[in-house]
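Q: Okay, here's the structure, questions in a sec.
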Amino acid sequence: MGKRSMSTASLQKEEEKEEEYSSLDYVDGNIIERDVTLYEDSAIIEDDVTKRFSSAELRVWNLLARNQNYYFHNTSCKKTLMALWLLGFVIRYLLLFPCRLAVCFFAVGLTWFCGYLKNLFPGTALGKWLTGPGYQRCIRLNLCAYAAIIRFHNPENRPKPNTICVANHTTPIDFAVLASDNTYAVIGQRQGGFFGMVENILSSAVPTIWFDRGEVFDRSAVTERMKEHVSTPGALPILIFPEGTCINNTSVMKFKKGCFEVGAVIHPVAIKYDPKYADCFWNSSQDGLFHYLLKLMTSWAMVVDVWYLPPETLQPGEDGISFSGRVKRKIAERGGLVDMDWDGELKRSQPKPNLRLAQQKLFSDFIGADEDK
């Protein structure tokens, strides 16, 4: 009886241990499942961010090459579509493009010449006209090279002197779109090559604040330059794109806080392009500026809506970060864009491959260790 009782007790202990182990396995399984879900959620978030740095696909075909493959592989009318695309190709490249290219070179040259004249006669009536209405006419002529159709809304909120204008950023053409309706001082990063030549032309026509790459992180120096400008009586409004990089016009990403700490009145502006006529997003990692402009000239047109929003000021108890976030939300809401708190600099600073591999190895080792248990 004693041996039988001992064996019964041993069996009960073994059953309890098995239940405990199965319970532990279940807990570990939940841990693994939770961690896998966490990784999946992170991947979804990352995809939701990185897709803002590439051209957004259309649900309709606009006879441009960037989305023709989808329709060619999902329809039985391939020959008809090919004929339409070839017709559009002939119109865009053989008829429109040569005229637009000629207008582009003429307009750029005229803009430089007007800036040169303005510097020869500073402070005169001619110089003031060239800085204001004359400069705006030159910008409009430049936009003719891209068949720009611009609709301005709420012009009563147009930026005034000694203020700062902030807008979402899709393309370098954003500046020309806004400058065609008002004259701005420009702030931006010093570039080289063709982009640098364009910056030099702008510098000859309007006040500019350029900073070098090594000065990008010196926020205080750039902020001081802006303070000096806005404190000058009658100074032109400063145009700045606080995202710091081009986004594909589907969202607005985190604004840099520098211009919101100057103490000047902020004029928010929302810019929305119609993607049916052209892909206006500039992917600087794939195309140089000149190649990008050629792509725009071979598109159908550049149709854009611009909304001038009521001016904003720093509220009591509000810091630069909160102020920038509030302005960003209003721009996103007015332009029908997604408001995102991610930094647009992720476009240039992707995680290194070795860090990704290390994270993958750590995760695989974690799963393997739990399976061994």
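Q: I'd like to verify a number: residues in the range 99-140 that are under 17 Å from Val186 (Cα atoms) and among the hydroxyl-bearing types (Ser, Thr, Tyr), how many?
A: Number of matching residues: 3.
Q: A further question follows. Of all residues in the range 110-131, which are in contact (Cβ under 8 Å) with a residue 60 or more places away in the chain and either loosely packed, with under 15 Cβ neighbours inside 10 Å or outside any helix (DSSP H, G or I) (or both)?
A: Once the filter is applied, which keeps residues that are in contact (Cβ under 8 Å) with a residue 60 or more places away in the chain and either loosely packed, with under 15 Cβ neighbours inside 10 Å or outside any helix (DSSP H, G or I) (or both), the range 110-131 yields Tyr116, Asn119.
Q: Tally time: how many residues in the range 105-146 are closer than 13 Å to Ala176 by Cα and not basic (Lys, Arg)?
A: The qualifying residues number 13.
Q: From (1) at pLDDT 95 or above; (2) part of a strand (DSSP E or B), pick out the condition that doesn't hold for Leu293.
A: (2)
Q: Of the conditions (1) touching a residue at least 40 places away in the same chain (Cβ under 8 Å); (2) aliphatic (A, V, I, L, M); (3) surrounded by 16 or more Cβ atoms within 10 Å (Cβ to Cβ); (4) over 22 Å from Thr245 (Cα atoms), Ala107 fails just one. Which one is it?
A: The one condition Ala107 does not meet is (1).
Q: Based on what the data block shows, is Asn67 in contact with a Leu (Cβ under 6 Å, 6 or more places away or on another chain), modelled with pLDDT under 90, farther than 19 Å from Phe175 by Cα and polar (S, T, N, Q)?
A: Here the answer is yes, as Asn67 does meet what is asked.
Q: Follow-up. Regarding Asn157, is this residue in contact with a helix residue (DSSP H, G or I) (Cβ under 8 Å, 6 or more places away or on another chain), assigned by TED's automatic domain parsing to the domain that holds Ala205, closer than 26 Å to His229 by Cα and surrounded by 14 or more Cβ atoms within 10 Å (Cβ to Cβ)?
A: no
Q: Looking at the range 279-294 only, could you name the residues that are buried (at least 18 other Cβ atoms within 10 Å of the Cβ) and charged (D, E, K, R)?
A: The one that is buried (at least 18 other Cβ atoms within 10 Å of the Cβ) and charged (D, E, K, R): Asp279.
Q: Filter the range 272-323 down to residues that are under 19 Å from the mean Cα position of the chain (by Cα) and aliphatic (A, V, I, L, M), then give me how many there are.
A: Selection size over the range 272-323: 9.
Q: Moving on to the next point. Taking Leu143 as meeting all but one of (1) within 24 Å of Arg334 (Cβ to Cβ); (2) not in a helix (DSSP H, G or I), write down the number of the exception.
A: (2)
Q: OK, next. If a residue has to be in contact with a strand residue (DSSP E or B) (Cβ under 7 Å, 6 or more places away or on another chain) and either closer than 18 Å to Val252 by Cβ or assigned to a helix (DSSP H, G or I) (or both) to count, how many in the range 147-172 make the cut?
A: Adding up the residues that qualify gives 9.
Q: Among the residues in the range 249-270, are any surrounded by fewer than 18 Cβ atoms within 10 Å (Cβ to Cβ), over 13 Å from the mean Cα position of the chain (by Cα) and modelled with pLDDT of 95 or more?
A: yes
Q: Considering only residues that are modelled with pLDDT under 70, in a helix (DSSP H, G or I) and either surrounded by 10 or more Cβ atoms within 10 Å (Cβ to Cβ) or aliphatic (A, V, I, L, M) (or both), which ones fall in the range 347-367?
A: Correct list: Lys347, Leu355, Arg356, Leu357, Ala358, Gln359, Gln360, Leu362, Phe363, Phe366, Ile367.
Q: Next question, about the same structure. Only one of (1) at pLDDT 70 or above; (2) surrounded by 14 or more Cβ atoms within 10 Å (Cβ to Cβ); (3) assigned to a helix (DSSP H, G or I); (4) among the charged types (D, E, K, R) is not met by Asp305, so which one is it?
A: (3)
The values are calculated or read from the model by the stated rules, or taken from the named source; none is laboratory data. Please read all numbers here as calculations on a predicted model, not as lab measurements. A quick note on method: Cβ atoms are made from the backbone with ideal geometry, for glycine too, and the neighbour counts reach across all protein chains shown.
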